[in-house]
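Participant: I am attaching a structure below and will ask some questions about it afterwards.
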Amino acid sequence: MSDDLAVRLGIQELLSAYADCIDEDRLKEWPEFFVEDCRYLITDRESHEAGLRHGVIYCASKGMLVDRVTSLRRVLMFEAHRYRHVTGPTRILGVTDGIAEARTNFIAVRIMHSGETSLFATGRYLDRIDVSGDRFRFVERLVVLDSQKIDTLLVIPL
Amino acid sequence: MSDDLAVRLGIQELLSAYADCIDEDRLKEWPEFFVEDCRYLITDRESHEAGLRHGVIYCASKGMLVDRVTSLRRVLMFEAHRYRHVTGPTRILGVTDGIAEARTNFIAVRIMHSGETSLFATGRYLDRIDVSGDRFRFVERLVVLDSQKIDTLLVIPL
Amino acid sequence: MSDDLAVRLGIQELLSAYADCIDEDRLKEWPEFFVEDCRYLITDRESHEAGLRHGVIYCASKGMLVDRVTSLRRVLMFEAHRYRHVTGPTRILGVTDGIAEARTNFIAVRIMHSGETSLFATGRYLDRIDVSGDRFRFVERLVVLDSQKIDTLLVIPL
């Protein structure tokens, strides 16, 4: 198998494992998908295009991701809802100095505790991924939502 | 092309052909995607996690799949509705003794005869696939729905 | 990397770049995804199965695609809405004389200017793709919608 292909499959696996981690409510493992010095941001298209660097959720280090999960566990006494991610094919724009740049469209469906299912959010993952080691990890994951009208129930990462 | 890659592409083709078979209403061909001694189960996440082995549809052999399709044809005098499956990337967890274990997220949209379109179901395919022969086939396909609140109109397999 | 695989990845890239072009509202670039002597048609399943060759949008040459985009720009004084495409895996049915035949399921979600998000359309891309040159292009793209009940707001290509 060529190196190119191994990187492609590795990135695919990282993205799928990430979605599973959230969809299966194993949030404690979520920070492990990132390097120490990382950035995670959920924003919307207009803010992103305007170059703004704030968002609904913003974490500038792995420590902040861990804090996020810990406080989530305190707030959510019981499982509020679940997501189901379906992602389209991943475009890999290039690999430079062991960092791959990738983009992936996604749909996130929300399943309430009552069983009610609805289209929750759509958008793109804009990722920078460390592919130099054995286990690939996100250096940066920007979740750019298509709509600003996001439910305030957005407490779980996407 | 490496063996690994050939298996990966073959599994992908099996899953896509399966979805097409259902979406194009060629249900008579549906049992052909399974080995003789197979298991097909549509269940929900909570039942699955509780280890329950029943579900909305349960078939423990290819013969039961054939029966299912035959009785469906008797009940459905005309085409009631259609599905459109969109699946995310497939994770292949491993291959042991010619059996691959794979997982795939899906969204199924339902299109009524009137043209009305709605999000019908989301969930995961948990598959065990015989990859030892020329044509890959399901040994087991568990369709784990995210919601228990499934429309009773679920008569067509997913 | 084998030739087969290179064609597969190239087709995947073409389809993803096409979806991005529309979703990011860069419609001026849209005709560049087609060869000069091309065909682009948005139709519905029943018309397609009946062998009808008309549709909501029909273009029989690249020139017609350019005209379409130009008139669109005149009609749409401001951005009316956006789409988000999520596509499933692409089935490649074969390659003959440098033309690949491919099929891909899709979901298109529409995001209104107000932020309102809804399931807009589902269906299949039935493609014939020129894979003989360095840059792959569509010879024919049939967009077969699952429902006839398509919003008359369909002015942007899918």
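Participant: Express the accessible area of segment B:26-115 per residue in Å², computed with a 1.4 Å probe while the remaining protein chains stay in the model. List each step's numbers first, then the result.
Facilitator: On the way: 4330 Å² over 90 residues.
Value for segment B:26-115: 48 Å² per residue.
Participant: On average over all directions, what projected area in square nanometres does segment B:62-118 have, based on the convex hull of its Cα atoms?
Facilitator: Values: hull surface 23.8 nm².
About 5.9 nm², averaged over all directions.
Participant: Right, next: At 1.4 Å probe size, with no ligands or nucleic acids counted, give the accessible surface of A:His113 in Å², nearest ten.
Facilitator: Ignoring ligands and nucleic acids, A:His113 comes out at about 120 Å².
Participant: Turning to a different aspect of this structure: Ranked from the most accessible area to the least, with a 1.4 Å probe and all protein chains present, what is the order of A:Asp97, B:Asp3? Mind showing how you got there, number by number?
Facilitator: Details: A:Asp97 145, B:Asp3 125 Å².
Listed by decreasing accessible area, they come as A:Asp97, B:Asp3.
Participant: Evaluate 2.2 N^0.38 Å with N set to the residue count of segment B:103-158, then give the Cα radius of gyration divided by it. Intermediate values should be presented prior to the final figure.
Facilitator: Working: Rg = 14.1 Å, N = 56, 2.2 N^0.38 = 10.2 Å.
Compared with the compact-globule rule of thumb, segment B:103-158 sits at 1.38.
Participant: Can I ask one more? Find how much the distance from A:Asp97 to A:Arg135 grows on full extension, using 0.36 nm per residue of separation minus their present alpha carbon separation; answer in nm with one decimal.
Facilitator: 12.1 nm
Participant: What Kirkwood Rh does the protein assembly as shown have if only Cα atoms enter the pairwise 1/r average? Answer in Å.
Facilitator: Working: mean 1/r = 0.0427 Å⁻¹.
Result for the protein assembly as shown, one decimal place: 23.4 Å.
Participant: Separate question: Between the label point of A:Ser2 and that of the same position in each other copy, find the distances and list them shortest first in nm, with every label point placed 7 Å from Cα along the Cα-to-C-beta direction.
Facilitator: When each copy's label point is compared with this one, the spacings are 1.3, 1.3 nm.
Participant: What whole-number value in cubic angstrom gives the convex hull volume per residue for the C-alpha atoms of chain A?
Facilitator: Working: hull volume 18.1 nm³, N = 158.
In chain A, the Cα convex hull volume per residue is 115 Å³.
Participant: Can you list the distances in nanometres, one decimal and ascending, from the A:Arg73 label point to the identical position in each other copy, with the point 7 Å along Cα to Cβ?
Facilitator: Spacings between copies for this position, smallest first, are 5.5, 5.5 nm.
Participant: Follow-up. May I ask what percent, to the nearest 5, of DSSP beta bridges between residues of segment B:1-146 are antiparallel? Walk me through the numbers on the way to the answer.
Facilitator: Working: 37 of 44 bridges.
So the antiparallel bridges in segment B:1-146 amount to around 85 percent.
Participant: In nm, one decimal, shortest first: how far is the label point of B:Glu49 (7 Å from Cα along Cα to beta carbon) from the matching points in the other copies?
Facilitator: Ordered by increasing distance: 3.9, 3.9 nm.
Participant: For segment B:1-50, what D do you get in µm² per second when you plug the Kirkwood radius from alpha-carbon pairs into Stokes-Einstein at 20 °C and 1.002 mPa s? Kindly include the intermediate steps, with their values, before the conclusion.
Facilitator: Numbers: Rh = 13.2 Å.
Rounded, D is 163 µm²/s.
Participant: I want the antiparallel fraction of DSSP beta bridges within the protein assembly as shown, as a percent rounded to 5.
Facilitator: Values: 111 of 132 bridges.
The answer is about 85 percent antiparallel.
Participant: From the helices alone, meaning DSSP H stretches of at least four residues, give me the mean residue ellipticity at 222 nm for chain B, per-run term -39500 (n - 2.57), in deg cm²/dmol to the nearest 500. Don't jump to the answer; show the numbers that get you there.
Facilitator: Details: 3 runs with 40 residues, N = 158.
Taken over chain B, the calculation gives -8000 deg cm²/dmol.
Participant: Between the alpha-carbon centers of segment A:1-79 and segment B:111-139, tell me the distance in whole angstrom.
Facilitator: Cα centroid to Cα centroid, the span is 28 Å.
The values are calculated or read from the model by the stated rules, or taken from the named source; none is laboratory data. Just so it is clear, the structure is predicted and the values come from calculations on it, not from any experiment. Counting neighbours? That spans all protein chains shown, and the Cβs are built from the backbone with ideal geometry, glycine included. When the accessible area is computed, the model is the full protein with side chains, heavy atoms only, and any ligands, DNA or RNA have been set aside. Shrake-Rupley method; radii C 1.70, N 1.55, O 1.52, S 1.80 Å.
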